[in-house]
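A.B. asks: Mind looking over this structure? Questions follow.
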């Protein structure tokens, strides 16, 4: 086996065609790292800086996210088995709060000397400003103590890169994002690969296994239909004043969704005094014969507490989940699934019912938070706003309204007499959006369902809407 060494950390490089017969350790230190900063600094490149920075802020000019790229293409033969891969960064300083960082795969290549918040290469923009984020592969807690170290286990990511699961470009690219609330004290610094002391630079330590990994799955062929349901359940109480979540579950099953996004789901409150999230999951499994996966987001961000909140139910396994608070006592939740070999991020929220200004702030925050999650994104919720309001205009900057798309294609349907068009309550206030940068999604149809019984009563004061997507 031919090897050569690079840097004081003895980076082991395997020449093409060499497959290790026994475990070997590589220390990759050429990180090609820089920090992306938004707002007034969105065009600035920091590739020559000795430190990387993270900060969470509602002001884009203060938000910072490092990106790093390691050469796992020329250093590791395709198909090599990866026993472990750990990324280590050394803290250079920062402000007082202990923070949690999320590590995402960066789906687009970049040039360290050109990359900024808006561009990844000279004259080439990111698909999404702030970096083209894909799957989240880990989290780590960081303090401001200089010299302390943080680590991310990214074995699964490196193995997929080496196996060619993401295509012929097998470099390992990552982005670090502070997903916590806006705070001046969230600011943190880490030594970059430009640091004078080589021992504090970022390092990706890879232990190679003893055999080649299986080939990546073949690319998807054809298309798969994905039916997404959005419904505000009004706590389980119908327009007849009766609490009955079984009739709601029966309607959900009847609409044959693959993904269910629900608002006003109650967990041990005065509305039924039961665990509605668990019951909906159980009832759907019984009524559909499918296995369902779920995540509940309590409305005030007390994730382990009882109360009202949002529920995501998916017939596809949830690979990652994420939740965050918004201003004025609102939250947003995300769950990532894979459909037809494509990553789908499912996000649900519920905007303020009373204040236009509150809704606008919440929409801005929700759109910004969602931008850190992988494409393809589907965002749903009771937005409490008609299509001509400012909060919906905020969503329309980054997302298509699937009902409007279906209407333009002549595939939006509703029952006779419904007014205005597509109304889910007194107007159209429940939405299923999908991101304008979603490369693998197309709208097939959208439908508002008539859930009235023979007496004219509905199981909720909202009507459900279902969009059928084509996942290519």
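The values are calculated or read from the model by the stated rules, or taken from the named source; none is laboratory data. Please read these numbers as outputs of a predicted model, since none were measured by experiment. With ideal geometry, Cβ positions are generated from the backbone for all residues, glycine too; neighbour counts draw on all protein chains shown.
A.B. asks: Do you know which residues across segment 448-470 are part of a strand (DSSP E or B) and touching a residue at least 60 places away in the same chain (Cβ under 8 Å)?
C.D. replies: 465, 466, 467, 468, 469, 470, listed by residue number.
A.B. asks: Continuing with this model, one more query. Specify which of the listed residues (75, 100) is touching a residue at least 40 places away in the same chain (Cβ under 8 Å), touching a strand residue (DSSP E or B) at 6+ places or on another chain (Cβ under 8 Å) and closer than 17 Å to residue 169 by Cα.
C.D. replies: Checking each option against the conditions leaves just 75.
A.B. asks: Please find, within segment 103-115, the residue that is surrounded by the most Cβ atoms within 10 Å (Cβ to Cβ) out of those that are touching a residue at least 24 places away in the same chain (Cβ under 8 Å) and assigned to a loop (DSSP other than H, G, I, E, B). Break it down stepwise before answering.
C.D. replies: The initial filter retains those residues of segment 103-115 that are touching a residue at least 24 places away in the same chain (Cβ under 8 Å), namely 103-110, 112-115.
After this cut, where a residue has to be assigned to a loop (DSSP other than H, G, I, E, B) as well, the list is 107-110, 112-115.
Numbers: 107: 21, 108: 18, 109: 14, 110: 25, 112: 20, 113: 12, 114: 15, 115: 28.
Per the criteria, the residue is 115.
A.B. asks: Now for a different question. Specify the residue that is surrounded by the most Cβ atoms within 10 Å (Cβ to Cβ); the eligible residues are those in segment 27-82 that are on the phi > 0 side of the Ramachandran plot and touching a helix residue (DSSP H, G or I) at 6+ places or on another chain (Cβ under 9 Å).
C.D. replies: Our first condition is that a residue be on the phi > 0 side of the Ramachandran plot; within segment 27-82, this holds for 32, 39, 79.
Keeping just the survivors that are touching a helix residue (DSSP H, G or I) at 6+ places or on another chain (Cβ under 9 Å) gives 39, 79.
Values: 39: 12, 79: 15.
Of everything passing the filter in segment 27-82, 79 is surrounded by the most Cβ atoms within 10 Å (Cβ to Cβ).
A.B. asks: Could you grab me the full set of residues in segment 339-363 that are over 21 Å from residue 133 (Cβ atoms) and either in contact with a helix residue (DSSP H, G or I) (Cβ under 8 Å, 6 or more places away or on another chain) or at pLDDT below 95 (or both)?
C.D. replies: Applying the first criterion (over 21 Å from residue 133 (Cβ atoms)) to segment 339-363 yields 350-362.
If the condition is that a residue be over 21 Å from residue 133 (Cβ atoms) and either in contact with a helix residue (DSSP H, G or I) (Cβ under 8 Å, 6 or more places away or on another chain) or at pLDDT below 95 (or both), then 351, 352, 356, 359, 360, 362 are the ones that fit.
Residue by residue, here is whether (1) buried (at least 19 other Cβ atoms within 10 Å of the Cβ); (2) touching a helix residue (DSSP H, G or I) at 6+ places or on another chain (Cβ under 6 Å); (3) closer than 27 Å to residue 452 by Cα holds:
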| residue | (1), (2), (3) |
| --- | --- |
| 274 | no, no, yes |
| 286 | no, no, yes |
| 297 | yes, no, no |
| 319 | no, no, no |
| 327 | no, yes, no |
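A.B. asks: Could you run through segment 162-203 and say how many residues are over 20 Å from residue 94 (Cβ atoms), under 24 Å from the mean Cα position of the chain (by Cα) and in contact (Cβ under 8 Å) with a residue 24 or more places away in the chain?
C.D. replies: 10
A.B. asks: Considering only residues that are within 30 Å of residue 223 (Cβ to Cβ), in contact (Cβ under 8 Å) with a residue 60 or more places away in the chain and not in a strand (DSSP E or B), which ones fall in segment 341-369?
C.D. replies: Going through segment 341-369, the residues within 30 Å of residue 223 (Cβ to Cβ) turn out to be 341-349, 366-367, 369.
Next, only the ones that are in contact (Cβ under 8 Å) with a residue 60 or more places away in the chain stay: 341-344, 346, 348, 369.
Matches in segment 341-369: 341, 369.
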